[in-house]
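Q: Mind having a look at this structure? Questions to follow.
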Amino acid sequence: MKKFTLFLMMMAILFVLSPQKSNAQPYTDNFESYTVGGFIAVQNPTWWMTWSNLPGSGEDGQISTDFASSGTKSVLLDMAPGASDLVLKLGNKTSGVWDVNFDCYIQTGYCGYYNIQKTEVPGTQWAFELYFHTDGSANLYAGSSTITFTYPKNTWFPVVNHIDLNADLISLYVNGVMVYSWPFHYTSSSTTGMLQLGGVDFFAGAEGTDIPKFYIDDVEFIVPPPPAGSCDYRIDLW
């Protein structure tokens, strides 16, 4: 009995000290398994919904073969048959380190937009808002700041939201360049708000006379690997 108890203790110690797996992936999707012309929130309601919780409506994103970052399919967000307002549900996380990533494609003459929501049910607090303008410029609204930068047209570019809830910090990277880093408890217009990660809203939003139409592909919601050379030992419970 003592030997068995000692064995269980050793197994528990090894489990606690096991390094975090660098490929821990709560959700990744390249949209290749979905029906072209179908709606993503209808085909995958586990992870996707629309702002008004109306899968299959004009708010839903459609599977398209117009462009793809990998494979042949992506998700189209535009104004037809209604204004796309697609939400990726992230589970109301209050701790941990998370990467929320996707590739984006915006053609000449069109714009794109997304925001991060503090709650999985949208409309409570916006963590930030980001407008990709038609002319290749972009505006990030975070806290009391407006950050302006540029992005490439007519090509796929990566968007990385590195969110460290433990340190209350988010770093935004667009096309491989860090745009800005700020406390995650900020909202899109205030420096006070919830420290919680709820969802991503891909909306057919625009500023001025811009016309919304953009594509997303290779979406990831993952626990990133620890920095090179670090000794990051932790257990992630999903």
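Q: Using the per-residue mean of other Cβ atoms lying within 10 Å as a proxy for protection, in what order, highest first, do the peptides 82-88, 155-161 fall?
A: Highest-to-lowest ranking by the protection proxy: 82-88, 155-161.
Q: Under a plain spin-label model, where a point goes 7 Å from the Cα along Cα-to-Cβ, how far apart in nm are SER171 and GLU32?
A: 3.0
Q: Using the Karplus equation 6.51 cos²θ - 1.76 cosθ + 1.60 (θ = phi - 60°), what ³J(HN,Hα) coupling, rounded to whole Hz, does each residue of the range 41-56 give in order, writing x for Gly and Pro?
A: 5, 6, 7, 9, x, 4, 10, 10, 8, 10, 3, 9, 6, 10, x, x
Q: Could you give the spread of the C-alpha atoms of the range 141-183 along their three principal axes, from largest to smallest, in whole angstroms?
A: Principal-axis extents of the Cα atoms in the range 141-183, largest first: 36, 21, 11 Å.
Q: Taking amide H positions as placed 1.01 Å from N in the peptide plane, with prolines and chain starts having none, which residues 5 or more places from TYR180, or on another chain, fall under 5 Å of its amide H?
A: LEU172
Q: Residue by residue through the range 127-135, which ³J(HN,Hα) values in whole Hz follow from phi under the Karplus form 6.51 cos²θ - 1.76 cosθ + 1.60 (θ = phi - 60°), with glycine and proline marked x?
A: 5, 6, 10, 9, 9, 8, 6, 4, 7
Q: Is the range 53-153 rounded, prolate or oblate when judged by the Cα gyration tensor, a ≥ b ≥ c being the square roots of its eigenvalues, rounded requiring a/c under 1.5 and prolate requiring a/b larger than b/c?
A: Oblate shape, in that a/c is at least 1.5 and b/c is the bigger or equal ratio.
Q: List the residues, sorted by chain then number, that are 5 or more residues from LEU169 or on another chain and whose placed amide H is less than 5 Å from its amide H.
A: HN-HN under 5 Å from LEU169: ASP164, PHE184.
Q: OK, next. For the range 161-191 and the range 114-149, compute the distance between their C-alpha centroids and round to whole Å.
A: Value for the Cα centre distance between the two parts: 11 Å.
Q: Exactly which trypsin sites (Lys or Arg not before Pro) in the range 81-190 are in a DSSP loop and have at most 16 other Cβ atoms within 10 Å?
A: Of the trypsin sites (Lys or Arg not before Pro), the ones in loops of the range 81-190 whose Cβ has at most 16 other Cβ atoms within 10 Å are LYS153.
Q: Taking H as built 1.01 Å from N, whose amide H comes closer than 5 Å to the amide H of SER190, not counting residues under 5 places away?
A: Counting only residues 5 or more places away or on other chains, the set is GLY143.
Q: Now for a different question. So what J values fall out for the range 183-195 if you push phi through Karplus, 6.51 cos²θ - 1.76 cosθ + 1.60 with θ = phi - 60°, rounded to Hz, Gly and Pro as x?
A: 3J(HN,Hα) across the range 183-195, in whole Hz: x, 6, 6, 4, 10, 5, 9, 8, 9, 10, x, 7, 9.
Each reported figure results from applying straightforward, stated rules to the coordinates on display, with no laboratory input. Computed from a predicted structure; not experimentally measured. Heads up, the Cβs are rebuilt from the backbone with ideal geometry, glycines too, and the neighbour counts pull from every protein chain shown.
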